[in-house]
Amino acid sequence: MSATQVLAVVNQKGGVGKTTTSVNLAAAFAKAGRRALLIDLDPQGNATMGSGVDKRAAPRTVYHVLLGLSELAAARTRSEQGGFDLVPANRELAGAEVELVELPGRESRLKSALERVIAEYDFVLIDCPPSLSLLTVNALTAAQRVLIPMQCEYYALATIKRVRAHLNPQLEIAGLLRTMYDPRNTLSQQVSQQLEVHFGDKVYRTLVPRNVRLAEAPSYGVPAVLWDATSKGAQAYLALASEILGGAA
Ligand SMILES: Nc1ncnc2c1ncn2[C@@H]1O[C@H](COP(=O)(O)OP(=O)(O)O)[C@@H](O)[C@H]1O
Ligand SMILES: [Mg+2]
């Protein structure tokens, strides 16, 4: 196995499928026998809950890691359902932004913390908040590449240009992922095709359809790829993992 791949799942828009993608991809990599770490970097803690970990009960979170109050190894826990390791997040993280500004190396604190455990993993996924805040900057500094989930809507192209403009120029786009795709919706089809025309092979072949199983799995604290592996949504994320693993080989 080659070096660890660190992927930040980024889009400054909320509700585009970042968390759903992070959780299901981590579980799909685990299913494929890869050692995966998911870092929840959103104060909403949705990736934590969706991995079956109670965010309110987590004694140490990514907040403590960023502020240097805990080693990453001491803050991580296990998603028993998902088969991957998790650094949880909760509301406490919302205050980190202000506190981070004062600290040395404020943009690279996650990267430094991650360096101590990175050799233990094949994949590290970072679920980002819907903003280009100092939290997201930490993710972009720690990651080699970004995975950008996009809902197939008319403003998808404007969003991708804005995200690109803010990115570290060395940061590579791993891929654009079309989410919540509705094949019966003409606009969805058109935007999907436009993305292919503009971004070519940067667009993952795998399309994630709108699928109720993906939306309901988080309330059971089980990634959809395990909750109902036969559902169209789960199948899409399993296919995406294969596509990424194939490309990485
Ligand atoms: N492909 C999909 N089909 C149906 N619902 C989805 C899909 N992807 C995400 N969702 C639901 O849409 C909402 C937003 O998704 P989420 O992954 O939380 O987005 P983000 O992290 O970008 O804010 C959630 O309620 C989620 O369960
Ligand atoms: Mg989210």
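What's the center-to-center distance, using Cα atoms, between region 80-106 and region 120-145 in Å? Region 80-106 and region 120-145 have Cα centres separated by 11 Å. A 1.4 Å probe over all protein chains sorts Thr4, Thr77, Thr61, Thr230 by accessible area into Thr230, Thr77, Thr4, Thr61, starting with the largest.
Dipole magnitude for the chain: about 360 debye, using +1 per Lys or Arg Cβ and -1 per Asp or Glu Cβ, origin at the Cα centre.
If the segment from Gln193 to Ser133 were pulled out straight at 0.36 nm per residue, it would be longer than the present Cα-Cα gap by 18.5 nm. Per residue, the average separation of C-alpha pairs within less than 8 Å and at least 6 apart gives the chain a relative contact order of 26 percent.
The residues of region 1-68 have, on average, 33 Å² of accessible surface per residue, using a 1.4 Å probe with all protein chains present. Is the shape of region 44-153 best called rounded, prolate or oblate, per the rule: a/c under 1.5 gives rounded, else a/b larger than b/c gives prolate, else oblate, with a ≥ b ≥ c the square roots of the Cα gyration tensor eigenvalues? Verdict is rounded for region 44-153. Between amide H atoms placed 1.01 Å from N, distances below 5 Å from Phe84 occur with Ser79, all of them 5 or more places distant or on a separate chain. Computed from Cα atoms, the angle from the helix 186-199 axis to the main principal axis of the chain rounds to 70 degrees. Computed from backbone phi, the HN-Hα couplings of region 228-235 come to 8, 5, 8, 5, 4, x, 5, 4 Hz, rounded to whole numbers (Karplus: 6.51 cos²θ - 1.76 cosθ + 1.60, θ = phi - 60°; Gly and Pro given as x). Within the chain, the longest run free of exposed loop sites, counting trypsin sites (Lys or Arg not before Pro) that sit outside DSSP helix and strand states (H, G, I, E, B) and have at most 13 other Cβ atoms within 10 Å, spans 1-115. I want to verify a result. In a Gaussian network model of the chain, Cα cutoff 10 Å, which of these has the top mean-square fluctuation: Leu41, Leu93, Leu69? It is Leu69. Largest GNM mean-square fluctuation among Val23, Val87, Val117, using the chain with Cα springs under 10 Å: Val117.
The values are calculated or read from the model by the stated rules, or taken from the named source; none is laboratory data. Model, not experiment: these values are computed from the prediction. All Cβ positions, glycine included, derive from the backbone under ideal geometry; neighbour counts span all protein chains shown. These accessible areas exclude ligands, DNA and RNA; they are computed on the full protein's heavy atoms, side chains included. Shrake-Rupley method; radii C 1.70, N 1.55, O 1.52, S 1.80 Å.
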